[in-house]
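In what follows, a single structure is set out as structure tokens and then discussed.
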Amino acid sequence: MTSGAQASATGRQASLEGTVQPGATVQPEATVQPGATVLPRLLSASGRPADLAEHLRVHGRLLYRGGARMLIHSIESAGLTGRGGAAFPTHRKLTAVADQLGVPVVVGNGAEGEPASDKDKTLLWSSPHLVLDGLQLAAEAVGARRVHLYLHREPALVRHLESALAGRAAAGLDRLQVGLVTAPARFLAGEESALASRVGGGAALPRFTPPRVFEHGVDGAPTLVQNVETLAQLGLISRYGPAWFRAVGTEAEPGSMLTTIRLADGSGGVAEAAIGTPISQLLKLDRYPARAVLVGGYHGAWLSPEQAGRLTLSNADLRPLGAAAGAGVLAALPVDRCGLVESARVVRYLALESAGQCGPCLNGLPRIAASLNQLAQRRSTPADRDDVQRWSALVERRGACHHPDGTVRFLRSALAVFTDEVTLHEAGRCSARSPEPFLPIPAGSPAREEDWS
Amino acid sequence: MTTGTVFWYASRATGVVSLVLFSVVAILGIMVNRQGRLPGLPRFAVTGLHRSLSLLTLAFLGTHIVTAIADGYAHIPWLSTIVPFTSGYERFWIGLGTVAIDLMAAVIVTSLLRTRLSPALWRAVHWLAYVCYPVVVVHSLGANKDLRSGWLLALTMATVFSVLTAIGYRILAAAATVPRPARVPRQLVRADRTGSLR
């Protein structure tokens, strides 16, 4: 009986791998095609947005697998992780949603609230069809019948996606019609539970978990939320296979990822990089020296130039320091700026972006922000620094979402990396020579309920 | 005092005490909401007091009901503890008391099951307390003629006035509520104003 069960399991696996539409080229997993290490993979190589004709010329039609869960095995072999910031294994999320009782909803998350990140928007402009392919494939993999794309409320971007969807409908590519839902311009609007609430017609406010979104999300249905970059990777892996995907990146963290780069000279943009690329290479630190490097965005962490100089863009390198590759934000703070002033601006922005739902966030973050501002303005004493540390411990892990935790992580790394500057400020001095703000902070904080929906 | 009059007086007395306690429970319930709280008391203390006092009220109320039925003079059937308007004695006024018991039972049972119910359902049932309170007051005034004069009337009026004042305060407080998105900016302004915050 045991051997019979094994045989049938093997047989099923074989048919799994064999289920490919006629005419499609199947690559054996052991050999890597030539050109597999060429980047960019996700962004259009021409630099112009890839329209449907170009997308089909470069990648061909998307290959449905013919049933739920069929794609999950390839995703597991590929080792794809979520590109929204948490780097959660995608196949586990797909399996968790497919295992739920109800009919799942799939939402592509393109509403990066992180002001320092542009990669999702850039991807949606550059390769909308890869994302939309991935959306259909994810929906097939979990057996969903409802699919949404959640994106910034920018009329031009929405029109761009609408016309992409219209083109796909005419070509008969999509099995499920994709509903576009726009997000308010809030830092937390892309948080999973906020997204589920917004797609369900409510305000984009985070809620307490559990229940997690994968079991109780949009309108109470099990919901798969995947970052648009993860979906685009899904579209590529489904075509070119796990071995191709693993041709770049590290063994533990394979593949490429989109990064938003800010060089110390003020230039920058979105670039695709293999995971494991040295940070100094991405930020050209030898040419543009930096006072410090911010990785992972405003819920991320500061690194000293020495740390940044010896680390690569990978969680294996960054996690031991309390940082993470996150959604691929890398910013080199120019040497003539003050890290405390920049950090105080960011923490103030983060405090204002609190949904104001949980006491520790509502009462704690404004105090921390005000105190840090005192420090940045050279009006504080060492006792204030102790206060900030104490309050930080009080808000940690006490919010419905990770907003207080992320804010505290950022703040602590600032106090650690800019220790000398803290001492200088407490003595009433500052080493910065330029008052010009460096990190991008959007104007306007929420004041009305409508600002969240 | 004979055996019969003990029950009679016990029932009257516990009834009056229940009314006063219920008023206090109602006031505590009205005063504690998302933003308002009683001066000098943290919110969890107010809800804790609200809960404990309602239990105490229940003890007095139980005695009030049992002694009223046990009292040989009035002849109130046991059925009247649950089904309204089944008492031969003072059918209407006693019936109102039964209505109040039923409403209270709904409020208490849903509160005990609160963690297992949706907040919206719990809230909707808890609002029945606002119906229950006037029913209790009318039952008290109707069934007990002692309450219609003298210092017992004054006591009743004082409790009713206190509850109405609390409701008025709550409505005014709700009107002054800061919308949720504006709360953090307000806190930040406050924090900035106090400087180093110590």
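The values are calculated or read from the model by the stated rules, or taken from the named source; none is laboratory data. Predicted model, so just to flag it, every value in this text is computed and none were measured. Methodologically, a virtual Cβ is constructed for each residue, glycine included, from the backbone with ideal geometry; neighbour enumeration extends over all protein chains shown. Surface areas here come from the heavy atoms of the whole protein model, side chains and all, with no ligands, DNA or RNA. Shrake-Rupley method; radii C 1.70, N 1.55, O 1.52, S 1.80 Å.
Over the residues of chain A, the helix contribution to mean residue ellipticity at 222 nm works out to -12500 deg cm²/dmol, using -39500 (n - 2.57) for each DSSP H run of at least 4. In percent, rounded to a whole number, the relative contact order of chain B is 23, using alpha-carbon pairs under 8 Å and six or more apart.
For A:Asp405 and B:Val20, the FRET efficiency from 1/(1 + (r/R0)^6), where r spans their Cβ atoms and R0 equals 45 Å, is about 0.40. In this structure B:Leu152 has an accessible area near 30 Å², from a 1.4 Å probe over the protein heavy atoms. Per residue, the accessible area of the range A:256-334 comes to 33 Å² when a 1.4 Å probe rolls over the protein heavy atoms.
Temperature 25 °C, viscosity 0.890 mPa s: under these conditions the Stokes-Einstein estimate for the range B:3-193, based on its Kirkwood radius over C-alpha pairs, is 133 µm² per second.
With a/c under 1.5 counting as rounded, go ahead and sort the range A:256-334 into rounded, prolate or oblate using the C-alpha gyration tensor (a ≥ b ≥ c being the square roots of the eigenvalues; past the cut-off, prolate if a/b is larger than b/c, else oblate). Judged from the Cα gyration tensor, the range A:256-334 comes out rounded (a/c under 1.5). Among A:Arg92, A:Arg337, A:Arg146, the order of accessible area from largest down is A:Arg92, A:Arg146, A:Arg337, computed with a 1.4 Å probe on protein heavy atoms. Taking all protein chains together and rolling a 1.4 Å probe, B:Ile65 ends up with roughly 40 Å² accessible. As a calculated quantity, the FRET efficiency between A:Ser434 and A:Gln281 at R0 = 22 Å, using C-beta atoms, amounts to about 0.30.
For the pair A:Ala383 and A:Arg175 in one chain, pulling the backbone fully straight at 0.36 nm per residue adds 68.7 nm over the alpha carbon distance. Each part reduced to its alpha carbon centroid, the range A:223-242 and the range A:52-67 end up 13 Å apart.
Our estimate of slack between A:Ala427 and A:Glu449, defined as 0.36 nm per intervening residue step minus the Cα-Cα distance, is 3.7 nm. The long axis of helix B:129-143 is offset from the longest Cα principal axis of chain B by roughly 30 degrees.
To the nearest ten degrees, helix A:128-142 and the longest principal axis of the Cα atoms of chain A are 70 degrees apart. Probe radius 1.4 Å, ligands and nucleic acids ignored: give me the carbon and sulfur share of the accessible area of the protein assembly as shown as a rounded percent. Carbon and sulfur atoms account for 61 percent of the accessible area of the protein assembly as shown. Compared with the dominant principal axis of the Cα atoms in chain A, helix A:365-376 is inclined by about 50°.
Taking the inverse of the mean 1/r over every pair of distinct Cα atoms in the range A:37-246 gives a Kirkwood hydrodynamic radius of 16.8 Å. How many angstrom lie between the Cα centre of the range B:104-127 and the Cα centre of the range A:163-193? Spelled out, the Cα-based centre of one part sits 40 Å from the other. Each of B:Gly142, A:Leu352, A:Ile75 was placed along the dipole of the protein assembly as shown (beta-carbon charges, centred on the mean Cα), and the one lying farthest toward the positive end is B:Gly142. Given a Förster radius of 25 Å and the C-beta distance between B:Ala173 and B:Arg193 as r, what FRET efficiency does 1/(1 + (r/R0)^6) yield to the nearest 0.05? Computed FRET efficiency for B:Ala173 and B:Arg193 comes out at 0.60. Placing unit charges on the Cβ atoms of the charged side chains and taking the dipole of the range A:217-327 about its Cα centre, the candidate lying farthest along the positive direction among A:Val228, A:Ala325, A:Tyr288 is A:Tyr288. In this entry, chain A is assigned a mean projected area of 22.8 nm², taken as a quarter of its C-alpha convex hull surface. Please give every one of the lysines within straight-line cross-link reach of A:Lys121, meaning a C-alpha to C-alpha distance under 25 Å, and leave out same-chain neighbours fewer than 8 residues apart. Cα-Cα hits under 25 Å: A:Lys93, A:Lys284. In percent, rounded to a whole number, the relative contact order of the range A:378-453 is 34, using alpha-carbon pairs under 8 Å and six or more apart.
Remark: the protein assembly as shown carries a charge dipole of roughly 1120 debye about the Cα centre, counting +1 on each Lys and Arg Cβ and -1 on each Asp and Glu Cβ. Averaged over the residues of peptide A:356-366, the number of Cβ atoms from other protein chains lying within 10 Å of each residue's Cβ is 4.
Extension gain, A:Ala316-A:Leu101: 0.36 nm per intervening residue step, less the Cα-Cα distance, totals 73.9 nm. When each of the peptides A:342-349, B:93-100 is scored by how many other beta carbons lie within 10 Å of its residues on average, the order from highest to lowest is A:342-349, B:93-100. Taking 7 Å steps out from each Cα toward its Cβ at A:His73 and A:Arg397 produces label points 4.0 nm apart.
Couplings 3J(HN,Hα) for the range B:43-55, derived from phi with the Karplus relation 6.51 cos²θ - 1.76 cosθ + 1.60 (θ = phi - 60°), are 4, 5, 5, 5, 5, x, 5, 4, 5, 5, 5, 5, 5 Hz, where x marks Gly and Pro.
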